[in-house]
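J.: Below are the structure tokens for one structure; questions will follow.
Each reported figure results from applying straightforward, stated rules to the coordinates on display, with no laboratory input. Since we're looking at a predicted model, the values are computed, not measured. As a convention, Cβ positions derive from the backbone with ideal geometry for all residues, glycine included, and neighbour counts pool all protein chains shown.
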Amino acid sequence: MGRALGDGAVETTILGAGALGLTLGLRLALQGDHVTIIERADRPGGLAAGFPVGDVTLEKFYHHLFRTDHAIIELLDEIDLGRDLLWRTPDTSVLVGGKPYTLNSATSVLRFAPLPIWDRLRMGAAIGYLRFWPHYQTLEDKNAAVWMRRWMGKEPYAKVWGPQLVGKFGDYADDISMAWMWARLHCRTPQLGYLRGGFQRFYDRMADLIDVLGGSLHFQTSATSIRTQRGKRVRVGTTAGDLVADRVVSTLPTRLTLKLLPTLPTFLRRYDDQPALGAHCLILSLDRQLMERVYWLSVCDPGYPFLAVVEHTNYMPPADYGGRHLVYFGNYLPMDHPLFTQSKEAVLAHYLPAIKRINPAFDLAWVQESWQFAAPYAQPVVTPTFHQHIPPHQLPIPNVYLANMFQVYPQDRGQNYAVDMANWLARQLATE
Ligand SMILES: Cc1cc2nc3c(=O)[nH]c(=O)nc-3n(C[C@H](O)[C@H](O)[C@H](O)COP(=O)(O)OP(=O)(O)OC[C@H]3O[C@@H](n4cnc5c(N)ncnc54)[C@H](O)[C@@H]3O)c2cc1C
């Protein structure tokens, strides 16, 4: 791999063609850089990539946007996809005591039958405070489990919030920063956005634009090393040969990026210990609805082997998918969990009794197709000291940069924050 230089343009190599790598690639290409993107997978999109279902694509992991996701909404407009971004307020519920209860607005909190009225008022007041309070910094050293128990009450914590923290973070549930919880309640909206036809369209369009601007994308190619050369150029080893550039930006998770360096500078050692979880989704295509109205079900009852059930076609019409009813069963787990090595048939057999608890009429004969997807380093664990371990974008190695979802804070990672970070970094690099 290589490219003849001569026009004085900066050569930038980007590792990863997810939301971050592609947005950065587009911005730098528009600024006149020669951009080369190295991507391990066979298509762009990273964690938000899709796979074909009928005539469209579906995300391997459930995805939607919030009204507050300004950076990606603007980018979708900019690349002419904004008109296909649909906004709806689907039902988002929690499963408590075997029943789904809507929990996405002030009225739904007041009507939340599993809690006595006093607890509903208290929970509503605490949510109201978090939605109103703009300074997450005052909450970042606080432990979410302790804060929520104290201000929302023991019962709301035990029935609603505690189980969701356990579902999302497992053994780390008691060690999560309140700033992370603040961001969930402060920044999110009940109205959700989805790109009709699948977010893969967005990523394909971005890749095409980079190509038109003279950039090159190499799929099914993994970066294997990063080395600085004399003259401060950077050599990236890949499974398809070496590539030399003026600068390299890695969008890979911090730990994977640090593994590419020949030796780990002492300064970087403290950034090599951020805990993370893997993501797993089993997706069923059914010949009928599983849940009557619910799009998103957070499982708060004990004894279920998944944390969320997302019936995508209770949000987007089944007609978009050839009449299929598409349901995700999602999990975040330690990366050595046995679920990651099981066949989808074994996972479905394991999930079957729990699916029947959600809809007792459910029968395996409803299942027309199934898929399962897994990704390592998919969920950073945002502990109260997380912010002290966020690495700088400019590594202490000349012309090597890092920009990834482990630097998104205090919001939970998301496509919007990847786009926002890439926009910011492109502006910074332009001034150098
Ligand atoms: C279960 C789940 C649900 C989610 N739900 C939502 C949602 O509803 N809304 C939302 O906006 N966001 C959601 N997200 C988050 C969103 O997917 C991510 O924040 C976003 O896609 C991150 O983009 P990125 O470019 O930073 O990273 P990634 O998408 O991880 O991109 C990194 C890329 O690097 C590639 N790579 C890795 N190693 C190498 C290597 N050695 N060489 C070359 N390439 C390599 C990977 O294949 C990948 O394509 C969800 C994520 C998960 C896991």
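J.: Taking 8 Å as the Cα distance limit and 6 or more residues as the minimum spacing, I'd like the relative contact order of the chain as a percentage.
T.: Working: 848 pairs, mean separation 105.6, N = 432.
Reported as a whole number, the value is 24 percent.
J.: Could I ask something else about it? Could you give the distance between the Cα centres of the stretch 82-153 and the stretch 308-347, to the whole Å?
T.: The two parts, judged by their Cα centres, are 25 Å apart.
J.: Right, another one. No solvent, one uniform scatterer per C-alpha: report log10 I(q)/I(0) for the stretch 1-93 via the Debye equation at q = 0.13, 0.22 1/Å, two decimals.
T.: Cα-only, vacuum Debye calculation for the stretch 1-93: -0.60, -1.27.
J.: Could you name the lysines in cross-link range of residue 60, using Cα to Cα under 16 Å and dropping any fewer than eight places away on the same chain?
T.: Within reach: 344.
J.: Assign unit charges at the C-beta atoms only (+1 for Lys and Arg, -1 for Asp and Glu), then state the dipole size of the stretch 105-187 relative to its Cα centre in Debye, rounded to the nearest 20. The partial results should precede the final answer.
T.: Details: 11 positive and 7 negative charges, 78 e Å.
Dipole about the Cα centre, nearest 20: 380 debye.
J.: Provide the descending list of Cα extents for the chain along its principal axes, expressed in whole angstroms.
T.: For the chain, the Cα extents along the three principal axes come out at 70, 49, 41 Å.
J.: Looking at the square roots a ≥ b ≥ c of the eigenvalues of the Cα gyration tensor of the stretch 105-187, which shape do they give, rounded for a/c under 1.5, prolate if a/b is larger than b/c, or oblate? All intermediate terms of the calculation are to be shown ahead of the outcome.
T.: Details: a/c = 1.94, a/b = 1.24, b/c = 1.56.
Because a/c hits 1.5 or more and a/b fails to exceed b/c, the stretch 105-187 counts as oblate.
J.: Of 364, 333, 81, which has the largest mean-square fluctuation in a 10 Å C-alpha GNM of the chain?
T.: Of the options given, 364 has the highest mean-square fluctuation.
J.: A further question follows. If each DSSP helix of 4+ residues adds -39,500 (n - 2.57) and the sum is divided by the residues in the chain, what number results at 222 nm, nearest 500 deg cm²/dmol? Before the final figure, lay out each step's value.
T.: Working: 11 runs with 119 residues, N = 432.
Helix-only estimate at 222 nm: -8500 deg cm²/dmol.
J.: When the chain is modelled as a GNM with alpha-carbon springs shorter than 10 Å, which of 352, 15, 307 fluctuates the most?
T.: Maximum fluctuation in the GNM of the chain, among the listed residues, is at 352.
J.: Would you kindly give the portion of the calculated P(r) for the stretch 201-285 that falls above 19 Å, as a percent of all Cα pairs? Working shown, then result.
T.: Values: 2029 of 3570 pairs.
So the portion of pairs separated by more than 19 Å is 57 percent.
J.: Let me ask another. Compute the semi-axes of the equivalent ellipsoid of the stretch 332-432, taking the square root of 5 times each eigenvalue of the Cα gyration tensor, and list them largest first in whole Å.
T.: They are 41, 15, 14 Å, listed largest first.
J.: Given the options 337, 58, 165, identify the residue whose Cα lies farthest towards the positive end of the charge dipole of the chain (+1 on Cβ of Lys, Arg; -1 on Cβ of Asp, Glu).
T.: The one lying farthest along the dipole's positive direction is 165.
J.: Would you mind classifying the stretch 203-342 by shape? Square roots of the alpha carbon gyration tensor eigenvalues, ordered a ≥ b ≥ c; an a/c under 1.5 is rounded, otherwise it is prolate if a/b is larger than b/c and oblate if not.
T.: Values: a/c = 3.41, a/b = 1.72, b/c = 1.98.
Oblate.
J.: Further, regarding this structure: If I build a Gaussian network model for the chain, linking alpha-carbon pairs within less than 10 angstrom, which residue out of 312, 135, 325 has the largest mean-square fluctuation?
T.: Of 312, 135, 325, the most mobile in the Gaussian network model is 135.
J.: Once the mean 1/r over all distinct Cα pairs of the stretch 270-420 is inverted, what Kirkwood radius in angstroms do you read off?
T.: Numbers: mean 1/r = 0.0567 Å⁻¹.
Radius from the Kirkwood sum: 17.6 Å.
J.: Under unit Cβ charges (Lys, Arg +1; Asp, Glu -1), what dipole magnitude, rounded to 20 debye, does the chain have relative to its Cα centre?
T.: Values: 42 positive and 40 negative charges, 195 e Å.
Computed about the Cα centre, the dipole is about 940 debye.
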